[in-house]
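Please treat every number below as a calculation from the coordinates, not as lab data. Everything numeric in this text was worked out from a predicted model, so none of it was measured. Note: ideal-geometry Cβ built from the backbone for every residue, glycine included; neighbour counts use all protein chains shown.
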Amino acid sequence: MITHTVHVITKPSEHGRFLAAARALRDASVGEEGNIEYSLWAPLDGGSEVLVVERWRDQAAVEAHHAAAHMAAFRAAVKGAVAVAPTSTRAVDDSGSGPAVAQQKG
């Protein structure tokens, strides 16, 4: 299983647009073959942060997700909405001994 977490800080004026596009992406992604979870988390107090948690069966499912038309539509819809480069973490657990974690920015 592969888990991605992505921490996004949007431009305050673009937060609503980003969330609408992220919800549409989530709604399409949960129906993809190999998707285990696709969750969005945002502060209730109107902040400009979003945390995305994705869980996929395997790398093939991740690659299919990245190539999906709804992913391209999301990228186009949020262009210019992000304040700083997102931070992402990827954890892979296919050995049964716990996840291996890698973090990257952007």
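Quick notes
- Under the combined filter of DSSP loop state and at most 14 neighbouring Cβ atoms within 10 Å, region 1-54 retains none of its trypsin sites (Lys or Arg not before Pro).
- Across all C-alpha atoms in the chain, the radius of gyration and Dmax reach 13.9, 44 Å.
- Local net charge near residue 79, Cβ-Cβ under 14 Å (Lys/Arg +1, Asp/Glu -1): +2
- Stokes-Einstein translational diffusion, region 1-53 - Kirkwood Rh over all Cα pairs, 1.567 mPa s, 4 °C, in µm²/s: 110 µm²/s
- Residue-wise HN-Hα coupling along region 84-91, computed from phi with Karplus coefficients 6.51, -1.76, 1.60 (Hz; x: Gly, Pro): 9, 4, x, 9, 10, 10, 10, 10
- Taking region 2-105 and dividing mean pair separation by its residue count, relative contact order in percent (alpha carbons under 8 Å, at least six apart): 39 percent
- Other residues lying with their Cβ under 14 Å from the Cβ of residue 1 contribute a combined charge of -2, Lys and Arg counting +1, Asp and Glu -1.
- Working note: Karplus 6.51/-1.76/1.60 with θ = phi - 60° gives region 19-35 the couplings 4, 4, 5, 5, 5, 5, 5, 4, 4, 6, 6, 5, x, 6, 4, x, 7 Hz, where Gly and Pro are set to x.
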